[in-house]
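To keep things clear, I will list the structure first and then write my remarks on it.
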Amino acid sequence: MGVNLNRLEAIKFAEIINYLDPHLAYIDGPDTNLPRLKTMLSKMVKDGTELVVEHFADSKYPVVSAASVI
């Protein structure tokens, strides 16, 4: 099984989340199927990390907007 772009992005999101070890992580979902993305991420991040996965999260949460500038 190959790795598509959505899976690659999920892998990289999970690596960053696990490195930073937050209690809560906001994800601006690039996948059209947000439940699938959240499930995929949940399997890859450390237990206890709450995930908020939404489309247009950068317009809803200032912290996501700030991160997109970096």
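The values are calculated or read from the model by the stated rules, or taken from the named source; none is laboratory data. Not measured: the values here are computed from a predicted model. A quick note on method: Cβ atoms are made from the backbone with ideal geometry, for glycine too, and the neighbour counts reach across all protein chains shown. The accessibility values were calculated without ligands, DNA or RNA, using every heavy atom of the protein model including side chains. Shrake-Rupley method; radii C 1.70, N 1.55, O 1.52, S 1.80 Å.
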(message) So, in the stretch 1-58, how many residues would count as being part of a helix (DSSP H, G or I) and of a type in the set (Gly, Ala, Ser)?
(response) 4
(message) What are the pairs with Cβ atoms under 7 angstrom where one residue, in the stretch 25-42, is closer than 22 Å to Pro62 by Cα and the other, located anywhere, is among the hydroxyl-bearing types (Ser, Thr, Tyr) and open to solvent by 10 Å² or more (accessible area, probe 1.4 Å)? Sequence gap at least six, or different chains.
(response) Ala25/Thr49; Tyr26/Tyr61
(message) Looking only at residues that are open to solvent by 40 Å² or more (accessible area, probe 1.4 Å) and among the acidic types (Asp, Glu) in the stretch 1-59, which one is farthest from Val69 (Cα to Cα)?
(response) Asp47
(request) Evaluate the following for Val63: is it out of contact with any helix residue (DSSP H, G or I) (no Cβ under 8 Å at 6 or more places or on another chain), in contact (Cβ under 8 Å) with a residue 24 or more places away in the chain, open to solvent by 60 Å² or more (accessible area, probe 1.4 Å) and among the β-branched types (Val, Ile, Thr)? (result) yes
